[in-house]
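The values are calculated or read from the model by the stated rules, or taken from the named source; none is laboratory data. Remember, it's a predicted structure, so these values are computed and weren't measured experimentally. No Cβ is skipped: glycine too gets one built from the backbone with ideal geometry, and neighbour counts run over all protein chains shown. Accessible surface is based on the protein model in full, side chains and every heavy atom, while ligands, DNA and RNA are left aside. Shrake-Rupley method; radii C 1.70, N 1.55, O 1.52, S 1.80 Å.
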Amino acid sequence: MCGIVAVLGKENAPDAVLKGLMNLEYRGYDSWGIGTAGAENIAIEKAIGKISEAKLSDNFPKASIAIGHTRWATHGGVTPENAHPHFDEKHNVAVVQNGIIENFIELRSELRSRGHFFSSDTDTEVLAHLMEEFLDEGSDLLEAAKKTTTRCEGRYAFVAIRHGENKIVAVRRGSPLILGIGKDAFFLASDTPAFLEHTQTIRYIDDNEVIEILPGSAKVYDFFTGNEIVKRDIVLELKPEESNKGTHAHYMIKEIYEQKETISKAIDQNPEEIEIIADAIRNAHGTFLIGCGTAHKVAAAGEYFFATIAKMHVNSVVASEFPIFHDFLKPNSLVIVISQSGETADVIEAIEAARAAGSKVLSIVNSAGSTVARLSDFSLQIKAGPEKAVASTKAATSQLSILLLLAYACAGDIHAGQQMLVDSAALVNDLLNPRFTQFVAGIAEKIYDQENIFIIGKGANYPMANEAAIKIQEVSYIHAEGFAGGELKHGPIAMIEPGTPCVVLVCDDETRRKEILSSAMEIKARGGRIIGIAPMDSEVFDDWIRVPAAKNFSPIINLIPIQILSYYLALERGFDPDKPRNLAKSVTVK
């Protein structure tokens, strides 16, 4: 959510920042802006709308320093005035910020009482005005940033520049910042794709750290002690081309097809490490699976995996609701957090609560250096590579595969689990082919004009029905809901009208298959259009999407046709599936 890019040392830093912002489009945004500390003044250019085809005006200074931002509106509407960077009244300081300044109303009122005039509705602008006051009192830019931070509450990160100074300062307090070390330049960003084409050498900035970047040096200090912190250089293995769409029209369909490889990569884990984690789960006094959005649907499926395979009780909880359960945490509890970005604010708060209780934390993430991974006692990498479409696809199936592997390990049958997953990954490879994709696209063409779509499942396919609803909602904006098949008669069946599409996720289990098909028959009796995702055909299906029989892997393999269906529903309705409205890839605010 929102993206920060800053550059010092490039011959034309504003252009490098603009390109970096384009590479962060996946984070979600509705406006953008760039600022530079030129020789004569602070120059700023802002706009609303897409940045992908933007270019800076011809008269924008070609300086060696620049900051930029893609904004996802939280405080104030989507207007050029509310876009970042923001500046003080004298236009001496420019600031970009991610996160939320929770006490900005009080700060703005206080500043107005001292004669400050505000030109936006954002919380960010108070940072520039506070810095202005501290600079007027004689503080340098770094000290002004630190003093400003002492006045602000919330989770955020901000970057500032000052007229006449070839210097960048930044503060991290809960929102990600990564420093890129180039040959002759430094880069600061919310995520590495912003500067991968310039450098793959990075330093992770942690909470309560401040950064001062000067020509030839980038120093990090502890916010409280002021002591310099020596950061370790990390060389990323990512290649810039991995973040490109290649020959695909959109990132979403590219990432769906990448599941041919990503599931195999996810389950390629060290068996000894998996056994250690399984032992921790078995010995824990209360295990919680935590996630948001798609990651929570993965966690809910994990609850079924552990119940049916390992005969163990674990608790899946939406991360934003986890504070209600904090009192159940004990030193011998285990919190397993699931996050694609590794920067989700609600998940990080759950980790902080676990650590405060002395509980152990395991994370299942896609970024080794993310905040979630670094706060965990142990972290499993899903190895899915960059996922840039907002709607998660390959990360979700990789996370599900990891949970299945852990469930088998807890049951004392890790080798059987590994073999089942290897065999199932091969089935995904066979499933994802152009003919199958076009068949699913044909079904999307039949139902794209519907107002409602319902999805039903049983067992671990029930959370997948909920995940299917999220996918359809996210990219096509069709109202979709997922249900347990047995719940239909307790209310939802009242919504069925002639022609209403209902997707039925059928598992490779005779008892559950009969029960879910019985539920489908009830829908069909009321005029619903039944779309079966199943290993075998049934007379109840109006459309049959054939998938291979996969037993415990069926929730994962059944999800893939839904991902494809969602993608083509978006295209049929004229929407960009990579950038759904109002949504962001990395939700770093509460």
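Find all pairs meeting these conditions: Cβ atoms under 9 angstrom apart; at least six residues apart or on different chains; first residue within the stretch 261-277 and of a type in the set (A, V, I, L, M, F, W, C); second residue open to solvent by 50 Å² or more (accessible area, probe 1.4 Å). Partner pairs satisfying both residue conditions: Ile263/Asn429; Ala266/Lys383; Ile267/Val422; Ile276/Phe378; Ile277/Phe378. State yes or no: is Leu517 within 30 Å of Thr74 (Cα to Cα), part of a helix (DSSP H, G or I) and not hydroxyl-bearing (Ser, Thr, Tyr)? So Leu517 does not fit the description; no.
Within the stretch 314-333, track down each residue that is over 23 Å from the mean Cα position of the chain (by Cα) and in contact (Cβ under 8 Å) with a residue 12 or more places away in the chain. Correct list: Val314, Phe325, His326, Phe328, Leu329, Lys330, Pro331, Asn332, Ser333. Taking the condition part of a loop (DSSP other than H, G, I, E, B), among the acidic types (Asp, Glu) and open to solvent by 10 Å² or more (accessible area, probe 1.4 Å), does Glu497 pass? For Glu497, the condition - part of a loop (DSSP other than H, G, I, E, B), among the acidic types (Asp, Glu) and open to solvent by 10 Å² or more (accessible area, probe 1.4 Å) - is met.
Cβ-Cβ distances below 9 Å connect the following pairs, each with a first residue in the stretch 187-216 that is free of Cβ contacts under 8 Å to residues at least 60 places away in the same chain, a second residue that is in a loop (DSSP other than H, G, I, E, B) and among the β-branched types (Val, Ile, Thr), and a separation of six or more residues or different chains: Ile211/Ile205. Residues of the stretch 432-467 that are assigned to a helix (DSSP H, G or I), of a type in the set (Ser, Thr, Tyr) and open to solvent by 70 Å² or more (accessible area, probe 1.4 Å): Tyr462 alone. For the stretch 91-131, residues that are within 24 Å of Trp32 (Cβ to Cβ), in contact (Cβ under 8 Å) with a residue 24 or more places away in the chain and not small (Gly, Ala, Ser) total 19. Annotation note: Cβ proximity below 6 Å between a residue of the stretch 476-489 that is closer than 15 Å to Val503 by Cα and a residue that is assigned to a helix (DSSP H, G or I) and among the hydrophobic types (A, V, I, L, M, F, W, C) (sequence gap 6+ or interchain) occurs for Ile478/Ile472; Ala480/Ala469; Ala480/Ile472; Glu481/Ala469; Gly482/Ala465; Gly482/Ala468; Gly482/Ala469; Gly485/Ile516. Would you confirm whether any residue within the stretch 109-120 is aromatic (Phe, Trp, Tyr), more than 23 Å from the chain's Cα centre (by Cα) and within 27 Å of Thr371 (Cα to Cα)? The answer is no, given that none of the residues of the stretch 109-120 is aromatic (Phe, Trp, Tyr), more than 23 Å from the chain's Cα centre (by Cα) and within 27 Å of Thr371 (Cα to Cα).
Picking from residues in the stretch 356-392 that are free of Cβ contacts under 8 Å to residues at least 60 places away in the same chain and among the β-branched types (Val, Ile, Thr), the one that is surrounded by the fewest Cβ atoms within 10 Å (Cβ to Cβ) is Val361. Selection of the stretch 373-416 for residues being closer than 23 Å to Ser190 by Cα and β-branched (Val, Ile, Thr) yields Ile382, Val390, Thr393.
For Val475, the conditions (1) over 26 Å from Ile202 (Cα atoms); (2) hydrophobic (A, V, I, L, M, F, W, C); (3) within 18 Å of the chain's Cα centre (by Cα); (4) open to solvent by 20 Å² or more (accessible area, probe 1.4 Å) all hold with the exception of (4). Quick one: would you say Ile533 is outside any helix (DSSP H, G or I) and under 21 Å from Glu255 (Cβ atoms)? Considered against the rule, which asks whether it is outside any helix (DSSP H, G or I) and under 21 Å from Glu255 (Cβ atoms), Ile533 comes out as yes. The criterion of at least 1 residues that are buried (at least 24 other Cβ atoms within 10 Å of the Cβ) is met, among strands (runs of 3 or more DSSP E) falling completely within the stretch 1-99, by 3-8, 31-37, 65-71, 93-99. Any idea which residue in the stretch 340-355 is nearest to Ala295 (Cα to Cα), counting only those that are part of a helix (DSSP H, G or I), in contact (Cβ under 8 Å) with a residue 40 or more places away in the chain and open to solvent by 10 Å² or more (accessible area, probe 1.4 Å)? Checked the stretch 340-355; the qualifying residue nearest to Ala295 (Cα to Cα) is Asp346. No other residue among Ala194, Ala170, Ala157 is small (Gly, Ala, Ser) and within 21 Å of Ala43 (Cα to Cα) apart from Ala170. Consider Val337 against the criteria (1) farther than 17 Å from Gly459 by Cα; (2) assigned to a strand (DSSP E or B); (3) in contact with a His (Cβ under 9 Å, 6 or more places away or on another chain): it satisfies all of them except one. Which criterion is unmet? Against the list (1) farther than 17 Å from Gly459 by Cα; (2) assigned to a strand (DSSP E or B); (3) in contact with a His (Cβ under 9 Å, 6 or more places away or on another chain), Val337 comes up short only on (3). Tell me yes or no: at least one residue of the stretch 512-531 is touching a Cys at 6+ places or on another chain (Cβ under 9 Å), of a type outside the set (A, V, I, L, M, F, W, C) and surrounded by fewer than 20 Cβ atoms within 10 Å (Cβ to Cβ). Yes. Check whether at least one residue in the stretch 453-463 is at pLDDT below 95 and on the phi > 0 side of the Ramachandran plot, and report yes or no. Checked the stretch 453-463: at least one residue is at pLDDT below 95 and on the phi > 0 side of the Ramachandran plot.
Filtered by the rule that a residue be within 22 Å of Gly482 (Cα to Cα) and either of a type in the set (A, V, I, L, M) or assigned to a strand (DSSP E or B) (or both), the stretch 289-313 gives Leu289, Ile290, Gly291, Ala295, Val298, Ala299, Ala300, Ala301, Ala307.
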